[in-house]
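Scroll down for the structure; my scribbles are underneath it.
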Number of protein chains: 2
Amino acid sequence: MRIGRLAERTGVSRRLLRYYEEQGLITSSRALNGYREYKESHVDVVLQIKGLLDAGLPTRIIQQLLPCLDKPQTIYVPNVTPEMIVTLQHEQARLSERIESLTRNRDAIADYLDTVLSVKSANTERRATS
Amino acid sequence: MRIGRLAERTGVSRRLLRYYEEQGLITSSRALNGYREYKESHVDVVLQIKGLLDAGLPTRIIQQLLPCLDKPQTIYVPNVTPEMIVTLQHEQARLSERIESLTRNRDAIADYLDTVLSVKSANTERRATS
DNA sequence: CTTGACCTTCACATCAATGTGAGTGTTTAA
DNA sequence: TTAAACACTCACATTGATGTGAAGGTCAAG
């Protein structure tokens with residue numbers, strides 16, 4: 001698969017795919033003519049990257065994360081440094097905080113919408129029965 | 001309260017507080033000498049802004065959100081346009097997506113850490129009993 | 001009255017994530 | 001065989017969230 005197709009299937013621009021590669025998030029093999037060649041599995045990886053970026057993680061963290069999130073997970077974990085574990089634990093905590101904050105705010109919006117919409121429908125009913 | 005104190009109490013730099021004001025996220029009154037003056041309630045607002053920004057929302061969305069998230073909520077909702085409602089519903093959906101993505105990834109990290117740590121402890125035990 | 005700790009504005013710097021376009025080569029299909 | 005569509009690299013532009021520093025005003029304490 002070439003870059004255009006991958007872009008099409010992931011909704012990530014060619015430019016960004018090259019950027020991700022530059023940032024070490026994905027790799028590609030090259031055809032004889034120099035064109036990037038991707039495998040089917042790249043689709044999922046790119047979607048995952050997209051999700052993480054969209055969730056607000058910077059590329060340098062994603063870069064550390066990716067090898068760990070890769071399924072199928074090798075049970076035999078070779079080169080995991082203690083610093084890496086600390087980093088992951090730290091990032092896990094940050095994710096939890098983020099999730100909490102987002103959830104709080106989403107719920108607040110939900111409450112607000114509930115209120116607004118119920119008032120609106122009450123008005124509609126009042127108009128209908130007047 | 002002046003800007004330095006607010007910065008200190010929220011963990012948000014003076015520079016950013018001014019930036020938030022410039023972006024219309026907060027307001028301040030001015031003392032005779034031109035210094036910004038904040039009320040106690042600004043602490044919570046700033047923390048909320050910080051949370052939303054940290055969650056990846058851009059200031060222009062936060063600006064729309066803030067009046068709605070404001071507690072105590074006026075039950076009497078005056079100037080809420082249909083577009084506003086649509087924006088909020090849209091943003092609510094985006095928040096949910098984000099939350100989902102973050103949760104998925106956090107759990108993946110958790111799984112990974114579990115695996116790694118259990119292998120590590122198994123090794124430790126093995127060493128201890130050999 | 002001076003020094004230090006505040007505050008002001010203004011402006012330039014940076015970093016990450018993107019867009020855009022130029023200049024050039026390659027593949028595909030009419 | 002030529003045009004359209006795609007690829008390549010390189011490079012400059014932009015936007016958003018920040019940092020940093022300059023040049024200057026205010027104020028409290030020694």
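Applying D = kT/(6 pi eta Rh) to the range B:1-75, where Rh is the Kirkwood radius over alpha-carbon pairs, T corresponds to 25 °C and eta to 0.890 mPa s, the Stokes-Einstein value obtained is 192 µm²/s.
How big a patch of accessible area, both sides summed and in Å² to the nearest 100, lies buried between A and B at a 1.4 Å probe?
3700 Å²
Look at the stretch B:41-54: the mean tally of other chain Cβ atoms within 10 Å of its residues' Cβ atoms is 2. Solvent-accessible surface (1.4 Å probe) assigned to A:LEU47 amounts to roughly 70 Å². Accessible surface computed residue by residue for the range B:1-75, with neighbouring protein chains in place and a 1.4 Å probe, gives 61 Å² per residue. Per-residue shielding of B:81-94, expressed as the average number of other chain Cβ atoms within 10 Å of the residue Cβ, stands at 2.
The values are calculated or read from the model by the stated rules, or taken from the named source; none is laboratory data. Everything numeric here is computed off the predicted structure, so don't read it as measured data. A quick note on method: Cβ atoms are made from the backbone with ideal geometry, for glycine too, and the neighbour counts reach across all protein chains shown. Just so you know, the surface numbers come from the protein's heavy atoms only, side chains and all, with ligands and any DNA or RNA stripped out. Shrake-Rupley method; radii C 1.70, N 1.55, O 1.52, S 1.80 Å.
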